[in-house]
1. Among the residues of region 16-42, which ones are more than 11 Å from the chain's Cα centre (by Cα) and open to solvent by less than 70 Å² (accessible area, probe 1.4 Å)?
2. ALA56: touching a helix residue (DSSP H, G or I) at 6+ places or on another chain (Cβ under 7 Å), surrounded by 15 or more Cβ atoms within 10 Å (Cβ to Cβ), more than 20 Å from GLN11 (Cβ to Cβ) and among the hydrophobic types (A, V, I, L, M, F, W, C), yes or no?
Amino acid sequence: MTSQTQTQTVQQQGTHHWVITVELPGRAMETLYGTFTPPAGATRHDVFLAIKNDIAQQSPEMARANVVFFALEPNQL
């Protein structure tokens, strides 16, 4: 019997997992997700604003989009 060992590279992830859905009514809707490590002393609102600002930088047309859903949870099982 032969055995094989597989090694997987574990990618560094942030301490928190987030999901956000933004919408430009009648034009576009996007659900995005990722991980983030907030700086010491940051609040949930600080993280929300950082994510929203990043979305605006990546897609300027979404800068004024409505937030339909936002979740931020510790990135652990």
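1. Once the filter is applied, which keeps residues that are more than 11 Å from the chain's Cα centre (by Cα) and open to solvent by less than 70 Å² (accessible area, probe 1.4 Å), region 16-42 yields VAL22, GLU23, LEU24, ALA28, GLU30, PRO38, ALA42.
2. yes
The values are calculated or read from the model by the stated rules, or taken from the named source; none is laboratory data. Values in this document were obtained by computation on a predicted structure and should not be read as measured data. All Cβ positions, even for glycine, are placed from backbone atoms using ideal geometry, and neighbour counts span all protein chains on display. Accessible surface areas use protein heavy atoms only, side chains included; no ligands, DNA or RNA. Shrake-Rupley method; radii C 1.70, N 1.55, O 1.52, S 1.80 Å.
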